[in-house]
Structures are given as C-alpha cells and as structure tokens.
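Q: Mind having a look at this structure? Questions to follow.
The values are calculated or read from the model by the stated rules, or taken from the named source; none is laboratory data. Keep in mind that this is a model prediction, so the values were computed, not measured. So basically every Cβ, Gly included, is an ideal-geometry build from the backbone, and we count neighbours across all protein chains shown. Keep in mind that these areas ignore ligands, DNA and RNA; they rest on the heavy atoms of the full protein, side chains included. Shrake-Rupley method; radii C 1.70, N 1.55, O 1.52, S 1.80 Å.
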Amino acid sequence: MAAAALALAMFAASCAGRRPPQPLAPSRPAAGYDRLVDSPDSVDASGLRGRRIAIDPGHGGVFRGALGTHGLTEAEVNLDVSQRLAQRLTAAGAEVLLTHDTDRDYLTPADSALRADLAERVRIAAEFHPDLFVSVHHNADASGRHDVNETQTYYKLGDDGPSLDVAQDVHRSLVRNLGIAVNKVAPGNYYVLRNSVAPAILTESSYLTNPDVEAKLRLPEKRAIEAAALYMGLARYFARPVPVIAELTATSDSSGANASAPEVDARIAGEFDTAELRVDDVVVPVLRTRDRLAWTPATPLAQGAHRAALRVRLTGVGAAREAAVTFDVRRPPAALVLSSLPPQAPLAGGLLALRIAIEDTVGAAVPESLGVRVIVTAVETRASGSAHGRAAASARTRSGPRGASAAAAHDVGARTSHTGRSTAGSRVASRATRTHGGRARAGRNVALLDTLAWARDGVAWVYASIPARTSIDVTARLDTAAGAATSNAITASARIPSGASEWTGFVRRMPGDSALANAPGTREPAPTLAWINRDGFAALDRATPDGAPDAPQLPGYRAVAPPPGSARDAAPKFVAIAGGALHGRRIVIDPDGGGDQTGGAGPGGTRAANLNLEVARALGGLLSAAGAQVRLTRDGDVALSELERVQISEAFHADRFLRIGHRAEPARIGYYVGSAAGAAGAAHLARGCELMGTPPPPRAEDAQYPLQQTSCPGLYASLGRLDTGTGEAALLAPGALRREAWALYLGLAMEWSPAAAGFSPDSVFVRDLGGLPVPGAAVRLGGALVTESDAHGIARFARTDPGALEAVVRHGRLRVHRVLLDSDRGTVLTGPAEP
C-alpha cells in the first residue's frame, strides 16, 4: 500500500511539470524566393531591342501600400524591384520609363485623392507611347491574416490578346522562379490597367503581410530574384513572332450602289488566322484579301462619331496589339416629319403640341441645331364643326426638298460641329384668331401661328392654341443654307383633324409649380414615353370617375395628390422622388449566387441565391421608379462567374455596383480596400438601415473580386444571415425582403441627394375591418413606390420628398385609398372593401 502511494506521488510530480497538449499551429505557406530556377541568359532577349516599356512602381509617397508585420512597406519593395527590372531591360536594348524613380507620389495641394496620383502615372506613361505597361505590386490580405501567400498576375480587362499573352509569360516565369504554390492569372480592371493606352499587366508577386515573405523581401538578393523573373517573362513575350496591324483607316466611298457609306480598311504585317473588327462594340464581318481586311456597313450608320477597333491573332503564337480608328458620319437634312400630341386636335379646343423632326437621307435624326419656320392655319369648318376639303390620312407626314434630290452623300472624315442657337421648342403665343362662338368663322381660314422654332437633338416642338371643333393645316419649312433659293428648301405639310377627347396641357413639377421638363424617357429623338414630351406637355385620358386627367406613372416622379376641391381640369402635379437624386444614375445590382452556387443555405432548405434575387428585383423596381437606369447581373437562377459580373457592370458603365448576399457569416456592409467613395457609400447604406428601423450591420473593407475590379465604387450588402433557424425565419417573414430593399434604395439615394439629411422615417398600419393587422399587404405610395406590411401589419418607408402622398392598399378583399399629408405619420389604413 505504501509502495502504491509512493508510485502515485511520483507520477503526480512528473505530470505537474508538464504542459497540457497544445493544438498544432497551422503552418504558413512557403514564402518562396529561394533561388532562380531559370537563368536570365537562357532567354532570347533580341525581341526587347527598341521596345518601349513603361514600368509603374506601385504606391509611393504618402501611399505606402501593404505593410509587413515588422514595418516593411510595399512602396519601397515595389520601387526597388522596378529599378532592378529597368536596369535589366535597358541592358537588353529596351527603352524604359519608370513613372517615378524615387519614393514619391503625385499629389498636389489642389487634389490629394488617390485617383489624381494614379491619373498622373497613367498620363506620364501615355506620353511615352509604350509598347507595354507593367505595374509592380505586392499584396496584403484584406482580412488581416498573416498565413496567406499567392502569386497573382492581372491583365487588362477586355484585352484577351497581347495583355493576356504577356501576363501568361510573366506569370509562368514568376511561378517557376519564386516557387509560390498558390497562383492565378486574372483579368484586372484597376485604374492603371483600364486607362493604359498600351497592353498592360499588374503583378502581385507575393503577400507582404506574410511575415516569412516580408523577411525575404528585406534582402536585396531576394528582390533581385523577382526582378530577374519579371525580366525573363517579358523577354519571352517580346520574342513571339506576332502579327502587326500596319494600317487601319476609315474612308468614304462616293460611288456605286452603296454610295457614301464609310469603309474601314486594314493591312496586316505577318501571318494571322483570326480577325475581329468591332464597330461601336459590335462585331461586324470583314472581307479578307491576302494581307488586307475591309468592311462596308450593310445598313447606314447613325450620324455622329463611331469607333472601329481591330484585333488579329495567329493561333498558338500570339495577338497583335489592338488598333482603332474613329470617324464621323455626317448627312445633310433631307426631310421634315410632322406629327402632333395628341394625334388629333382637341375637340373642345385647347393646346396642341406639334413635333417637327429633321431627318437625313436614311431617316435618321439630324443632330444639328437648325431653325424651322412653322405656320399653323385653322381650316374652314362647317356648322357642325367638321372639317371639309382634303382629309389627312395621318397626322404624321413626311416631305423632302422641293425640286431637289433627297439623296446626299455622307461626310466621313474629320469631325465637325455645328454651332448656333440650341433653344428648346417653347410655348409661343398664338396670333389673334378671328372666331365666332369658339369656332373658326365658316368660309375662312384663319392663321393661328407663324413662328421660327429651333430644333434640339433633331426635333423642334411648337404649341398652338386651337379653337373648339377645328381642324388645322400645318406647314413647316427648312432652308438648307442661309440665303438658299426656294428650290433648296425642305418643306412638309399636314392636316390634323379635330376629334381628340384627351386633356392637353403642361403637367406641373412641384414644388415650384413649373412645367415638368426633361423627365426620364422624354429625350429626343427617340423618346420612350408617348404621352408626355421633353417640355412637360402631355395628352391624358380622362379615365377618372370625375373625368379629370389621369396621368400614367412617370419614371423619376410620384404624383402629388390634389387637394380636395381641385378644379376638374387642373394639371396633374408631380414631385421628383428623392429630389431627382437618382435620375439617370446607372446602377448594377448583383444577386450573389445562382444556379449551382447557393450563396448559403438555411436549416429549412432556403437558398440564399433565391432571397438575394428577390431583394434585387424589389430594389430594382424602387430604383427604376425613382428614375435610375438599373441592370441586374442575373434575373433568374443562373450561375455567373465573378468575371462575368464585372463585365456586365463595365459594359453598362455603372455609377454604382451593389452585391446582395445572405451568406453563412456575420452580416456586414463591405467596400473595397482603401476606397473613400466605397466607405462613404457603405455609411449611406447603414443610414438607410436606420431609417427602416433595422440595426445596421458593421462596415468593413472587403476584397471580393467584383468590388475590387469594377471601375465604379462597389458595395456588398449582407443585412442578415440565413444559416440559423432564427435568421431563416426572420428572412422569410412578411415584408422582410422588401424592407431590405427599401434600406438599400434609401442608402443609394442618399449618395447623390443634397437633401438626404431631410429623409425621415414613416410607416402605415394596415388593418382589416376587425382591426386586426394584415401582414404581407402591398402598399403603393404616390403611384410609384411599393412597400409591404410585416407580421404586425406595419409597412415602413421613408419620406424623401414633400407633398401629399397617395397610399393605396389592395390585399385580398381589402381596398384602401388614403391621401397622406406631410404632417401625417403612422397612419392606420383600414376600411370597407371597394366594390
């Protein structure tokens, strides 16, 4: 027994001095930079002779870039590697430009933004007329991890020719000679890449935030290894026997069946087997004859500037540098086209809008500012008020020049501009009209209007006050040159019969009670709205119970409910939603996931990809109603690559890119690393959450590929997570997704609204006849924006503009209509069902 006790005591003593087992720390990936695998002397450097190469050492001055754990800055590493690379290239016969050869930036007292620094680097490089632009960088992990290392090489987005070719050669050399296992080549849309006039790449050879990498890069001999690897990759690229676009021209052909059409011609030096010609970003067929390529348009091009870009490649060898040429198409006026809004003169009398379009020989609008003489005459009427004499088959009449051929040649060549008055068609006071009893006196034609109207964007509008039950004759005349003879004039005439029953007049913009001009969708020469023109003149049905004018929904505006006792024929009034902050803004909404990419899943099987799409659709509806131009990267359950999402945004020329997610991670609002505009946008989204009564998630830097590569500020909004039972239930509750959409809509509106501080939260309570809450009821506000009631019957929204607000609820048998004054808050919407 004593022996057993002694043994136990000895065992306890031995254990007392030991540490409990510790989990093994994850090993960091290899730092690389051990040795050069290839010899710089093994490459053929003859292709470098005479080549002009611009090297941009990333960061510098106040922009230090990535920071190692022990203080080494990316700026100093980038500069040293770039200088070593420049020395090797120069020794091989290349002409090399460093955008800066000291540790500096290009800020000025007038502009201290990062973009100003980048723009100056690009300008310096462009003046050098380089064959290639190389930007040297080292990476940092956005989440703060120190166990990440990867070699990344980016090539200019959209240039799958020489930029991709050089990226492949440089990347292979970096991977072989640095020895970092994880690596990738990817299209890049960084500022210096997309604005480079030459093929361009950007290298992120390793992660400086990895302490082992930082230790290596402190040593000059390790930085020399990287410079040698870059040099060998560039030498291999320039040794490729690629074809060259020796000539690319645009000329005019003034003879033949296709007279006056521009022709694009090219000559290629060297063998090639593929060619792609894009005119205004559309691929067109080319005719090849030995080393020549040619294209003539099958249909006439629109007037104005055009761009032709040519790419050629020899498969397996490489691509030529893209060549481009710009040219103008100019055609003289050939015809006037008359029409009216509405198509018939008001039966009860009133204003009629006359549209005079100036067209060229192929029916396209003439964009120059030209004056047109317009004469309007009341037609002799019978006692019944009906017109007699020749009847107009249509209110739209087209006529060309008298005594002159309508054909005219294109003018293709140097760009020209036409200067002169550019005055919108404005209301013109009618001359005194001799009438009797509101009608034109029988047996006489009476002049109503004789004015000079100026076209803008190829269209002039004039307005005439028409007596009741009166048809009119309209004559328009355009002299093709000052002092031209009558035979050179272009004239058109039309008879517009009486018979329109619509209300006509100028709808009003509130506050201020002015004519609502230049609404989205009214831009000439191809407006998308037919009931209202660019000056705010409208022709409206009298579809309301009291016969008052009934205005359709107008993008960018909501209707202001008329006060009780308003006149029956009072002009409809609109107010710009959010003060017009979103008018014309181009916004891309990216629902995360899609197809086999779930984007996250809930315990009950709900896919985040589906929720993301529903929020995106609701947000798109709100933004479109507010006058924005919206593009969803996907409008169905389809898979898209990250690159495709960026390409969609770039092709759309977006002002903002917003990704929507509900991933299995904490909610957050993300923006790209170091983006001041992104940080501001994230703050606005957080404020939008607050206005909707939702606690905003934290804001953080985020390096997702789309946020990194879109040229506009990119944002990521994950306002809730789906991977918990409570989270899934909350997201599936009535009104939850619509509420998210409203928060994001308000955040985007605040980006551009000077009155954002005045946005105020509001809500309505939807109740049934028994006073019980109605969940999931859609509430339309001002005829434009839709919100939805939650499980408690509360429909939240925000007031972004002044004026009485019409609220309409249709849910089941519940039909409610209420006008909410500015002072109304938290209104209860209930009442009997409408018949």
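Q: Quick check on this structure: which one of Arg656, Arg668 is open to solvent by 10 Å² or more (accessible area, probe 1.4 Å), touching a Pro at 6+ places or on another chain (Cβ under 8 Å) and under 26 Å from Leu157 (Cα atoms)? Even if it seems obvious, please write down each step before you answer.
A: Working: Arg668 fails: under 26 Å from Leu157 (Cα atoms).
Selected residue: Arg656, the only one of Arg656, Arg668 that is open to solvent by 10 Å² or more (accessible area, probe 1.4 Å), touching a Pro at 6+ places or on another chain (Cβ under 8 Å) and under 26 Å from Leu157 (Cα atoms).
Q: Considering only residues that are touching a Gly at 6+ places or on another chain (Cβ under 8 Å) and either part of a helix (DSSP H, G or I) or within 17 Å of Glu127 (Cβ to Cβ) (or both), which ones fall in the stretch 82-105?
A: Residues satisfying the conditions are Glu95, His100.
Q: Among the residues of the stretch 143-151, is there at least one that is open to solvent by less than 10 Å² (accessible area, probe 1.4 Å), within 19 Å of Asp212 (Cβ to Cβ) and in contact with a His (Cβ under 9 Å, 6 or more places away or on another chain)?
A: yes
Q: Exactly one of these conditions fails for Gly720: (1) assigned to a helix (DSSP H, G or I); (2) more than 24 Å from the chain's Cα centre (by Cα). Give me its number.
A: If we test Gly720 against (1) assigned to a helix (DSSP H, G or I); (2) more than 24 Å from the chain's Cα centre (by Cα), just (1) comes out false.
Q: Given the conditions (1) over 27 Å from Leu336 (Cβ atoms); (2) open to solvent by less than 70 Å² (accessible area, probe 1.4 Å); (3) assigned to a loop (DSSP other than H, G, I, E, B), report the number of the one that Gly521 does not fulfil.
A: Going through the list (1) over 27 Å from Leu336 (Cβ atoms); (2) open to solvent by less than 70 Å² (accessible area, probe 1.4 Å); (3) assigned to a loop (DSSP other than H, G, I, E, B), Gly521 breaks only (1).
Q: Among the residues of the stretch 207-226, write down those that are under 24 Å from Ser39 (Cβ atoms) and part of a loop (DSSP other than H, G, I, E, B).
A: Answer for the stretch 207-226, where residues must be under 24 Å from Ser39 (Cβ atoms) and part of a loop (DSSP other than H, G, I, E, B): just Leu219.
Q: Which one is surrounded by the most Cβ atoms within 10 Å (Cβ to Cβ) among residues in the stretch 633-653 that are within 15 Å of Leu715 (Cβ to Cβ) and more than 8 Å from the chain's Cα centre (by Cα)?
A: The initial filter retains those residues of the stretch 633-653 that are within 15 Å of Leu715 (Cβ to Cβ), namely 633, 645-646, 649.
Filter again for more than 8 Å from the chain's Cα centre (by Cα), leaving 633, 645-646.
Details: Thr633: 23, Arg645: 24, Val646: 26.
So the residue we want is Val646.
Q: Is it the case, given these coordinates, that Ala526 is assigned to a helix (DSSP H, G or I) and either open to solvent by 50 Å² or more (accessible area, probe 1.4 Å) or within 26 Å of Leu746 (Cα to Cα) (or both)? Even if it seems obvious, please write down each step before you answer.
A: Details: assigned to a helix (DSSP H, G or I): no; either open to solvent by 50 Å² or more (accessible area, probe 1.4 Å) or within 26 Å of Leu746 (Cα to Cα) (or both): yes.
So Ala526 fails the test.
Q: Being part of a strand (DSSP E or B), modelled with pLDDT under 95 and of a type in the set (Gly, Ala, Ser) is the filter here, so list the residues in the stretch 244-289 that pass it.
A: Hits for the stretch 244-289 are Ala250, Ser252.
Q: Tell me yes or no: at least one residue of the stretch 361-368 is outside any loop (DSSP other than H, G, I, E, B) and under 38 Å from the mean Cα position of the chain (by Cα).
A: Quick first cut of the stretch 361-368, residues outside any loop (DSSP other than H, G, I, E, B) only: 365.
Narrowing further to those that are under 38 Å from the mean Cα position of the chain (by Cα): 365.
Yes, the stretch 361-368 has at least one match.
Q: Scan the stretch 36-44 and tell me whether some residue there is closer than 20 Å to Gln152 by Cα, within 40 Å of the chain's Cα centre (by Cα) and either among the aliphatic types (A, V, I, L, M) or open to solvent by 40 Å² or more (accessible area, probe 1.4 Å) (or both).
A: no
Q: I would also like to ask the following. Just to be sure before I move on: is Phe133 surrounded by 22 or more Cβ atoms within 10 Å (Cβ to Cβ), of a type in the set (A, V, I, L, M, F, W, C), within 15 Å of Leu98 (Cβ to Cβ) and modelled with pLDDT of 95 or more in the structure I sent?
A: yes
Let's see how each residue does on (1) modelled with pLDDT of 95 or more; (2) at positive phi; (3) crowded, with 20+ Cβ neighbours inside 10 Å:
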position	(1), (2), (3)
Gly782	no, yes, yes
Arg813	no, no, no
Leu829	no, no, yes
Pro832	no, no, no
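Q: Are there any pairs with C-beta distances below 8 angstrom linking a residue in the stretch 56-79 that is over 14 Å from Asp101 (Cβ atoms) to a residue that is aromatic (Phe, Trp, Tyr) and surrounded by fewer than 18 Cβ atoms within 10 Å (Cβ to Cβ), with the two at least 6 apart or on different chains, and if so which?
A: Pairs found: none.
Q: Can you confirm whether the stretch 255-277 contains a residue that is open to solvent by 40 Å² or more (accessible area, probe 1.4 Å) and of a type in the set (Ser, Thr, Tyr)?
A: yes
Q: Let me ask something else about it. Here is a check on your reading of the model: is Ala703 surrounded by fewer than 18 Cβ atoms within 10 Å (Cβ to Cβ), in contact (Cβ under 8 Å) with a residue 60 or more places away in the chain and under 29 Å from the mean Cα position of the chain (by Cα)? Before the answer, list the steps.
A: Numbers: surrounded by fewer than 18 Cβ atoms within 10 Å (Cβ to Cβ): yes; in contact (Cβ under 8 Å) with a residue 60 or more places away in the chain: yes; under 29 Å from the mean Cα position of the chain (by Cα): yes.
Answer is yes for this residue.
Q: Hey, can you tell me all the residues within the stretch 750-771 that are open to solvent by 20 Å² or more (accessible area, probe 1.4 Å) and charged (D, E, K, R)?
A: Correct list: Glu751, Arg767, Asp768.
Q: Checking the condition assigned to a loop (DSSP other than H, G, I, E, B), modelled with pLDDT of 95 or more, open to solvent by less than 30 Å² (accessible area, probe 1.4 Å) and more than 27 Å from Val213 (Cα to Cα), which residue from Asp165, Asp159 passes? Show your work before the answer.
A: On the way: Asp165 fails: assigned to a loop (DSSP other than H, G, I, E, B).
The unique qualifying residue is Asp159.
Yes/no per residue for (1) touching a residue at least 60 places away in the same chain (Cβ under 8 Å); (2) on the phi < 0 side of the Ramachandran plot; (3) out of contact with any Ser or Thr (no Cβ under 8 Å at 6 or more places or on another chain); (4) open to solvent by less than 10 Å² (accessible area, probe 1.4 Å):
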{"position": "Thr694", "(1), (2), (3), (4)": "no, yes, yes, no"}
{"position": "Gln709", "(1), (2), (3), (4)": "yes, yes, yes, yes"}
{"position": "Leu719", "(1), (2), (3), (4)": "no, yes, no, no"}
{"position": "Leu748", "(1), (2), (3), (4)": "yes, yes, yes, yes"}
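Q: Okay, next question. Do we find a residue being in contact with a Lys or Arg (Cβ under 9 Å, 6 or more places away or on another chain), over 22 Å from Asn189 (Cα atoms), open to solvent by 40 Å² or more (accessible area, probe 1.4 Å) and not hydroxyl-bearing (Ser, Thr, Tyr) anywhere in the stretch 87-94? If you could, list the steps in order and put the result at the bottom.
A: First pass over the stretch 87-94, keeping only residues in contact with a Lys or Arg (Cβ under 9 Å, 6 or more places away or on another chain): 89, 92-94.
Applying the additional criterion that residues be over 22 Å from Asn189 (Cα atoms) yields 89, 92-94.
Applying the additional criterion that residues be open to solvent by 40 Å² or more (accessible area, probe 1.4 Å) yields none.
Taking every residue of the stretch 87-94 in turn, none turns out to be in contact with a Lys or Arg (Cβ under 9 Å, 6 or more places away or on another chain), over 22 Å from Asn189 (Cα atoms), open to solvent by 40 Å² or more (accessible area, probe 1.4 Å) and not hydroxyl-bearing (Ser, Thr, Tyr).
Q: Could you tell me whether the stretch 39-47 includes any residue that is touching a strand residue (DSSP E or B) at 6+ places or on another chain (Cβ under 7 Å) and either under 26 Å from His129 (Cβ atoms) or of a type in the set (Gly, Ala, Ser) (or both)?
A: Of the stretch 39-47, the ones touching a strand residue (DSSP E or B) at 6+ places or on another chain (Cβ under 7 Å) are none.
No: the stretch 39-47 contains no residue that is touching a strand residue (DSSP E or B) at 6+ places or on another chain (Cβ under 7 Å) and either under 26 Å from His129 (Cβ atoms) or of a type in the set (Gly, Ala, Ser) (or both).
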